[in-house]
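Undergrad: I have a structure here, written as structure tokens, and I will follow up with some questions on it.
The values are calculated or read from the model by the stated rules, or taken from the named source; none is laboratory data. Quantities reported herein were computed from a predicted structural model and do not represent experimental measurements. Positions of Cβ are generated from backbone atoms using ideal geometry, with glycine treated the same way; all protein chains shown enter the neighbour counts.
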Amino acid sequence: MSAAIITSGLSRSFDGCVAVDSLDLEVQAGEVLALLGPNGAGKTTTVRLLNGVLTPDSGGATVLGMDPNVDGDEVRRRTGVLTEAAGLDDRLTARENLEFTARMRGFTVAEARLRVDTQLDRFGMQSMAEYRTVGFSTGQKKRLALARSLLHDPEILFLDEPTSGLDPAATRDVTDLIGSLAREHGRTVLLATHFLGEAGRIADRMAVLDHGRLLAIGRPEDLAAELWDGTPAEIDLGEPATDATMSIVGQVEGVAGLEAGATGLTVALHDREAMARVLAALAAAGTSVYGASIRRASMEDVYFALEDSSLQRVAP
Ligand SMILES: Nc1ncnc2c1ncn2[C@@H]1O[C@H](COP(=O)(O)OP(=O)(O)OP(=O)(O)O)[C@@H](O)[C@H]1O
Ligand SMILES: [Mg+2]
């Protein structure tokens, strides 16, 4: 895989307040990278720097091998962006908004019409096409703006909170669409979002920003392995584990730690294969086991663990 986006020491402040702080990031071609972080973490500023809308104070970025502050037009020709505010012209209808953008992008009238129809179909918006967007709900505007960002088949999509304001079904549809753009059409997606569950479904890797700094980047499972010593597994005994059971499990090879719970115990396994040894040891001791499962850390688990560890570092 080659890198579609690279940032190196990318930094930007506003009135002495650091918004993006020495950011080193690589987004591989064809991947969905979830850009996560609390309000004010620097996600939108990062996207704006990558679009060439803002200039960095120091460091820099390349997008498809180009510097967005030098080759901004070309970068914008080959990339699409959905900004936090939909930015539609409310005097125009949905169709006119899209056709205007398509014409601005240099498509002929006929080609623009074709592309607009394709996107209106894709987003289920044909029935609203002739209405002025002034009366559209937040979610309808968002969907239209997303349709607009895809008009020119961009190689890279910068999506800043594409599902905020969408209802659950629309959130799922838009998330699935973003996932399929990457998987089936090879698009690269930088997805700034607060929706960890949705991001977890489609993103290959996650990058977590806090106060403009990159806390971590990687696949959730790899970050989880770094954060926690071992893979957590739940063992259901139907009752709290006795001291004797805890002692038996604690001696099994590959068990990094264990904790009693109301209906059994949680074990940290150095490797997943240790689960079979734990179950064998329990069976040999005549202990009834009603269920056993390895808990896969979600993007949400990893995000909150990173946030917690960051807070501890900042705390006095
Ligand atoms: N144009 C601006 N002028 C002044 N300060 C700005 C500007 N843009 C961003 N900032 C500041 O930079 C920091 C990062 O903001 P940014 O919008 O990048 O955060 P974000 O991660 O996108 O947050 P959110 O999740 O709320 O969208 C914030 O402290 C913000 O106040
Ligand atoms: Mg933002």
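Undergrad: Given 76, 113, 122, which one is out of contact with any strand residue (DSSP E or B) (no Cβ under 6 Å at 6 or more places or on another chain), of a type in the set (Lys, Arg) and in the same structural domain as residue 180 (by TED's automatic domain parsing)? Can you show your working first?
TA: Numbers: 113 fails: in the same structural domain as residue 180 (by TED's automatic domain parsing); 122 fails: in the same structural domain as residue 180 (by TED's automatic domain parsing).
Just a single option satisfies the conditions, and that option is 76.
Undergrad: Which residue pairs have Cβ atoms under 6 Å apart, sit 6 or more places apart or on different chains, and have a first residue in segment 30-42 that is in contact (Cβ under 8 Å) with a residue 12 or more places away in the chain and closer than 11 Å to residue 158 by Cα and a second that is of a type in the set (D, E, K, R) and more than 9 Å from ligand 2 (Cβ to nearest atom)?
TA: Every condition considered, the pairs that remain are 32/204; 33/205.
Undergrad: Let me ask something else about it. Which one is nearest to residue 204 (Cα to Cα) among residues in segment 13-34 that are near ligand 1 (Cβ under 8 Å from one of its atoms) and buried (at least 18 other Cβ atoms within 10 Å of the Cβ)?
TA: 20
Undergrad: Hey, among 130, 184, 198, which residue is among the acidic types (Asp, Glu) and closer than 23 Å to residue 63 by Cβ?
TA: Details: 130 fails: closer than 23 Å to residue 63 by Cβ; 198 fails: closer than 23 Å to residue 63 by Cβ.
Every option except 184 fails the conditions.
Undergrad: Residues 191, 181, 196, 209: which one is in contact with a strand residue (DSSP E or B) (Cβ under 9 Å, 6 or more places away or on another chain), within 16 Å of ligand 1 (Cβ to nearest atom) and farther than 19 Å from residue 48 by Cα?
TA: Values: 191 fails: farther than 19 Å from residue 48 by Cα; 181 fails: within 16 Å of ligand 1 (Cβ to nearest atom); 209 fails: farther than 19 Å from residue 48 by Cα.
Just a single option satisfies the conditions, and that option is 196.
Undergrad: Just name the residue that is farthest from residue 175 (Cα to Cα) out of those in segment 93-111 that are of a type in the set (Gly, Ala, Ser) and touching a residue at least 24 places away in the same chain (Cβ under 8 Å).
TA: From segment 93-111, those of a type in the set (Gly, Ala, Ser) are 94, 102, 106, 110; that's our starting set.
Next, only the ones that are touching a residue at least 24 places away in the same chain (Cβ under 8 Å) stay: 94, 102.
On the way: 94: 21, 102: 24 Å.
Looking at residues that are of a type in the set (Gly, Ala, Ser) and touching a residue at least 24 places away in the same chain (Cβ under 8 Å), I get 102.
Undergrad: So which residues in segment 26-48 are within 16 Å of ligand 2 (Cβ to nearest atom) and out of contact with any helix residue (DSSP H, G or I) (no Cβ under 8 Å at 6 or more places or on another chain), if there are any at all?
TA: Quick first cut of segment 26-48, residues within 16 Å of ligand 2 (Cβ to nearest atom) only: 33-48.
Within segment 26-48, 33, 39, 40, 41, 42, 43, 44, 45, 46, 47, 48 qualify.
Undergrad: Another question about this same structure. Within the bounds of segment 140-159, is there any residue that is in the same structural domain as residue 42 (by TED's automatic domain parsing), within 14 Å of the chain's Cα centre (by Cα), away from ligand 1 (no atom under 16 Å from the Cβ) and closer than 24 Å to residue 62 by Cα?
TA: yes
Undergrad: Related question: Can residue 157 be described as at pLDDT 95 or above and not β-branched (Val, Ile, Thr)? Give the derivation first.
TA: Numbers: at pLDDT 95 or above: yes; not β-branched (Val, Ile, Thr): yes.
Considered against the rule, which asks whether it is at pLDDT 95 or above and not β-branched (Val, Ile, Thr), residue 157 comes out as yes.
Undergrad: Looking at (1) surrounded by fewer than 19 Cβ atoms within 10 Å (Cβ to Cβ); (2) within 16 Å of ligand 1 (Cβ to nearest atom), which is the only condition residue 108 fails?
TA: Condition not satisfied by residue 108: (2).
Undergrad: Just checking, which of 145, 192, 199, 207 is within 16 Å of ligand 2 (Cβ to nearest atom) and in contact with a Ser or Thr (Cβ under 6 Å, 6 or more places away or on another chain)? Write out each step before concluding.
TA: Values: 145 fails: in contact with a Ser or Thr (Cβ under 6 Å, 6 or more places away or on another chain); 192 fails: in contact with a Ser or Thr (Cβ under 6 Å, 6 or more places away or on another chain); 207 fails: in contact with a Ser or Thr (Cβ under 6 Å, 6 or more places away or on another chain).
Just one listed residue meets the conditions, 199.
Undergrad: On the basis of being more than 25 Å from residue 43 (Cα to Cα) and either in contact (Cβ under 8 Å) with a residue 60 or more places away in the chain or loosely packed, with under 15 Cβ neighbours inside 10 Å (or both), does residue 126 make the cut? Quick ask: steps written out before the conclusion?
TA: Values: more than 25 Å from residue 43 (Cα to Cα): yes; either in contact (Cβ under 8 Å) with a residue 60 or more places away in the chain or loosely packed, with under 15 Cβ neighbours inside 10 Å (or both): yes.
Against the criterion (more than 25 Å from residue 43 (Cα to Cα) and either in contact (Cβ under 8 Å) with a residue 60 or more places away in the chain or loosely packed, with under 15 Cβ neighbours inside 10 Å (or both)), residue 126 qualifies.
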